[in-house]
Amino acid sequence: MTKRDLIEEVVRAFPRYSRRDAEVMVNTVFGSMVDAMRHNDRIEIRGFGSFVVKQRRAREGRNPKTGRVVSVAAKRVPFFKVGKELKLRVDGKVPAELAPATAAAPGGD
């Protein structure tokens with residue numbers, strides 16, 4: 001799914017908003033996420049996953065074309081950790097808390 005597909009999905013789900021309004025909403029959400037990660041904040045979306053920024057230390061790497069050793073500077077990289085519910089849904093399983101409740105036997109446990 002691309003950003004454009006996501007905008008179209010918002011327009012389909014909320015027809016009262018124009019495509020331009022949906023684009024502003026999607027861009028605002030993504031912009032807020034980038035700003036939060038830029039400030040080292042953790043983003044947690046329940047049932048989906050969390051985004052964190054991890055620090056990678058400086059190291060020596062190798063240029064794959066020439067084989068020469070190059071130094072790679074330390075950097076911060078975004079990292080996504082998938083949530084349990086999303087993992088189950090992608091696997092085609094329904095999380096227990098979303099499964100229909102089974103009727104308990106009267107006078108049971």
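The lone criterion from (1) in a loop (DSSP other than H, G, I, E, B); (2) surrounded by 10 or more Cβ atoms within 10 Å (Cβ to Cβ) left unmet by Leu86 is number (1).
Considering each of Val77, Val94, Val53 in turn, give the residue that is without any contact (Cβ under 8 Å) to a residue 24 or more places away in the chain and either over 30 Å from Arg12 (Cα atoms) or not hydroxyl-bearing (Ser, Thr, Tyr) (or both). Going through Val77, Val94, Val53 in turn, the sole match is Val94. Among residues of the stretch 13-30 that are modelled with pLDDT of 95 or more, none has a Cβ under 7 angstrom from a residue that is part of a loop (DSSP other than H, G, I, E, B) at a sequence gap of 6+ or on a separate chain.
The values are calculated or read from the model by the stated rules, or taken from the named source; none is laboratory data. Owing to the predicted nature of the structure, the values given are computational and were not obtained by experimental measurement. Glycine gets a Cβ as well: all are built from the backbone with ideal geometry, and neighbour counts include every protein chain shown.
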